[in-house]
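A.B. asks: The following block contains the structure, expressed as structure tokens.
The values are calculated or read from the model by the stated rules, or taken from the named source; none is laboratory data. Computed from a predicted structure; not experimentally measured. All Cβ positions, even for glycine, are placed from backbone atoms using ideal geometry, and neighbour counts span all protein chains on display. When the accessible area is computed, the model is the full protein with side chains, heavy atoms only, and any ligands, DNA or RNA have been set aside. Shrake-Rupley method; radii C 1.70, N 1.55, O 1.52, S 1.80 Å.
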Amino acid sequence: QVQLVESGGGLVQPGGSLRLSCAVSGTIFSLNDMGWYRQAPGKQRELVAVFTSDGSTNVADSVKGRFIISRDNVKNSVYLQMNSLKLEDTAVYYCNGRLGRYNYWGHGTQVTVSS
């Protein structure tokens, strides 16, 4: 079965950087759209960034200029480089990918920005 596993989360100081990785296993096919979502305590899950199969990207206004999404279709991986982290970036970050009619989610990785 298809599995998405996030890694790279942790504790970082404001202004610091962190790089999240999402590894996909269980399929020989490249996923279609892939992206990152996050959910902070008491808030709804929100889109952070998405990288479509045609190469276009869509990044949330709140992270534009700070976060960069990239993907490797051969390795079936997607990455999120997070720079200039702010306290409000604290959340559980989830990797998401779509393959045909199916939508897959990772279990999430905690990112905590604190001084």
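A.B. asks: Can you name every residue in the stretch 106-115 that is surrounded by 14 or more Cβ atoms within 10 Å (Cβ to Cβ) and in a strand (DSSP E or B)?
C.D. replies: Taking the stretch 106-115 and keeping what is surrounded by 14 or more Cβ atoms within 10 Å (Cβ to Cβ), we get 106, 108-109, 111-113.
Across the stretch 106-115, the qualifying residues are Thr109, Val111, Thr112, Val113.
A.B. asks: Being at pLDDT 95 or above and on the phi < 0 side of the Ramachandran plot narrows it down to one residue among Ile68, Ile28; which is it?
C.D. replies: Values: Ile28 fails: at pLDDT 95 or above.
On inspection, the qualifying residue turns out to be Ile68.
A.B. asks: On to the next question. Just the residues that are under 16 Å from Gly108 (Cα atoms) and of a type in the set (Phe, Trp, Tyr), please, taken from the stretch 19-78.
C.D. replies: Trp36, Tyr37
A.B. asks: So Thr27 passes all but one of these: (1) under 22 Å from Gln1 (Cβ atoms); (2) in contact with a Ser or Thr (Cβ under 7 Å, 6 or more places away or on another chain); (3) among the β-branched types (Val, Ile, Thr). Which condition number does it fail?
C.D. replies: If we test Thr27 against (1) under 22 Å from Gln1 (Cβ atoms); (2) in contact with a Ser or Thr (Cβ under 7 Å, 6 or more places away or on another chain); (3) among the β-branched types (Val, Ile, Thr), just (2) comes out false.
A.B. asks: Counting only residues that are within 24 Å of Ser115 (Cβ to Cβ) and open to solvent by less than 30 Å² (accessible area, probe 1.4 Å), give me the strands (runs of 3 or more DSSP E) lying completely in the stretch 1-105 with at least 1 of them.
C.D. replies: Numbers: elements: 3-7, 10-12, 18-25, 34-39, 46-51, 57-59, 67-72, 77-82, 91-99, 102-105.
Because the criterion is at least 1 residues that are within 24 Å of Ser115 (Cβ to Cβ) and open to solvent by less than 30 Å² (accessible area, probe 1.4 Å), the strands (runs of 3 or more DSSP E) in the stretch 1-105 that meet it are 10-12, 18-25, 34-39, 46-51, 67-72, 77-82, 91-99.
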